[in-house]
Amino acid sequence: MNSKRLTALLAGAAISALSAPAVFAATAAPAPGGYKAPMNAYGQPDFEGTWTNATLTVLERPKEYGTRKVMTPEEVKKVEGDDAKLYAADAAPRDPKFKTTDLPHDCGKGFSGAGCGYNAAWIDPGTTVMRVNGEPRSSFITDPADGRLPPYKSGVKAPGMEQYAHRGENPENMAVSERCLSSFGYSAGPVMLPLLYNNNYEIAQTKDTVAIVVEMVHDVRMIHIGAKHRTDGLRPWMGDSIGWYEGPTLVVETTNFPQATALQGAWKELKVTERFTRVGPHRILYQFKVQDPSVWDTSWSGEYEFSASKGRIFEYACHEGNYALGDMLAGARADEAAATKKTAATTPASNGTPVKKQ
């Protein structure tokens, strides 16, 4: 997206924002380390630029770390070293007759079995453990203390394969990621989480609006400064985000999520509060708190840091040359035809004589 198009987008959003008087906190804690964030032309902390959250650190803490949010140097060396070995092995020269079935069963990045997902050359999840104020972190979640999601309330089902119960029946039953409507994870958020690749964001500001352009999948989060949450019953993609400034921090509150962009199964009563604070020339501290009393008895929260990213955001052209969705639907039709043929071949005729197989 070029600068002219983004400026026009912001101007239009500012005009349509549900503006209302807001009370802004004038005394917020200074940025960690005494860093003084630059200000933009409107006297607001300046977050404009291109940023990335690519990292080897994950949302939930692996159980072996217990309640330790900070990793030891040895643990960091192992995690980053193992990742480097994985990439080196994948990039090594290979017999041209090599097949995906020749890959090891467990091939890293959560992939296993025949195929093993993408080659390493196609992904870019990051090569280092996430640091927050210089501390290598074992997870994004910091509360609860074990760095993991709180248990679901009795009767609430964790998101699982039921969402794919009617997958393949028609395009509308396919996941939003397969339809190129949103990322296959939670890249745009909120909470904004990194994926296998395209973990880049561009932030632009006007007096009344903050836009976050998400590389994956060409989403744009619009945050209306000083606005009130909508009350018309509509639930926009990625929720309804309003914001305000507290000293050097941009605070964003999002509600009115649609089911299509549910977070860990929560959407009806979901509220996510985010805090963006410039803590260095090339770093933004990103903190989040998640609440949904219909899904969890307690809230959960965490943090990580965005780092400055070189270059610009390019369009993620999800469907151009992508024949996977059509092939998946065609495969489903082929399965149905085969099942119908099998049923017909074994169904008795009206006179009681089995139908002869063709």
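When residue 35 is evaluated against the numbered criteria (1) open to solvent by 50 Å² or more (accessible area, probe 1.4 Å); (2) modelled with pLDDT under 80, which criterion, by number, is the only one it fails?
(2)
Can you pull out every residue in segment 128-177 that is out of contact with any strand residue (DSSP E or B) (no Cβ under 9 Å at 6 or more places or on another chain), open to solvent by less than 40 Å² (accessible area, probe 1.4 Å) and not aliphatic (A, V, I, L, M)?
160, 168, 177
Here's a check for you: in segment 185-236, which residue that is small (Gly, Ala, Ser) and at pLDDT 95 or above is farthest from residue 285 (Cα to Cα)? Let's see the steps before the verdict.
Filtering segment 185-236 down to residues small (Gly, Ala, Ser) leaves 185, 187-189, 204, 211, 226-227, 233.
Next, from what is left, pick out any that are at pLDDT 95 or above: 204, 211, 226-227.
On the way: 204: 17, 211: 17, 226: 22, 227: 24 Å.
Checking each candidate, the answer is 227.
Residues in segment 267-276: is at least one touching a Phe, Trp or Tyr at 6+ places or on another chain (Cβ under 8 Å), open to solvent by 40 Å² or more (accessible area, probe 1.4 Å), under 17 Å from residue 158 (Cβ atoms) and hydrophobic (A, V, I, L, M, F, W, C)?
For segment 267-276, residues touching a Phe, Trp or Tyr at 6+ places or on another chain (Cβ under 8 Å), open to solvent by 40 Å² or more (accessible area, probe 1.4 Å), under 17 Å from residue 158 (Cβ atoms) and hydrophobic (A, V, I, L, M, F, W, C): present.
Out of 217, 191, 213, 156, which single residue is assigned to a loop (DSSP other than H, G, I, E, B), within 30 Å of residue 326 (Cα to Cα) and of a type in the set (Val, Ile, Thr)? Working first, answer last.
Numbers: 191 fails: within 30 Å of residue 326 (Cα to Cα); 213 fails: assigned to a loop (DSSP other than H, G, I, E, B); 156 fails: within 30 Å of residue 326 (Cα to Cα).
One residue alone meets the criteria, 217.
Can residue 115 be described as in a loop (DSSP other than H, G, I, E, B), modelled with pLDDT under 95 and on the phi > 0 side of the Ramachandran plot? Give the derivation first.
Working: in a loop (DSSP other than H, G, I, E, B): yes; modelled with pLDDT under 95: yes; on the phi > 0 side of the Ramachandran plot: yes.
In short, yes.
Go over the candidates 253, 215 one by one and state the one that is surrounded by 18 or more Cβ atoms within 10 Å (Cβ to Cβ), farther than 25 Å from residue 145 by Cα and of a type in the set (Asp, Glu).
Details: 253 fails: farther than 25 Å from residue 145 by Cα.
Just a single option satisfies the conditions, and that option is 215.
Conditions: (1) surrounded by 13 or more Cβ atoms within 10 Å (Cβ to Cβ); (2) under 22 Å from the mean Cα position of the chain (by Cα); (3) more than 28 Å from residue 137 (Cα to Cα). Residue 328 meets all but one. Number of the miss?
The failed condition is (2).
Take segment 280-293 and flag every residue that is surrounded by fewer than 19 Cβ atoms within 10 Å (Cβ to Cβ) and of a type outside the set (S, T, N, Q).
280, 281, 282, 289, 293
Filter segment 237-247 for residues that are surrounded by 22 or more Cβ atoms within 10 Å (Cβ to Cβ) and assigned to a loop (DSSP other than H, G, I, E, B); which is modelled with the highest pLDDT?
239
The values are calculated or read from the model by the stated rules, or taken from the named source; none is laboratory data. Here the structure is a predicted model, which means the values were calculated and not measured. For neighbour counting, all protein chains shown are included, and Cβ atoms are generated from backbone atoms with ideal geometry for every residue, glycine included. For accessibility, only protein heavy atoms count, side chains too; no ligands or nucleic acids. Shrake-Rupley method; radii C 1.70, N 1.55, O 1.52, S 1.80 Å.
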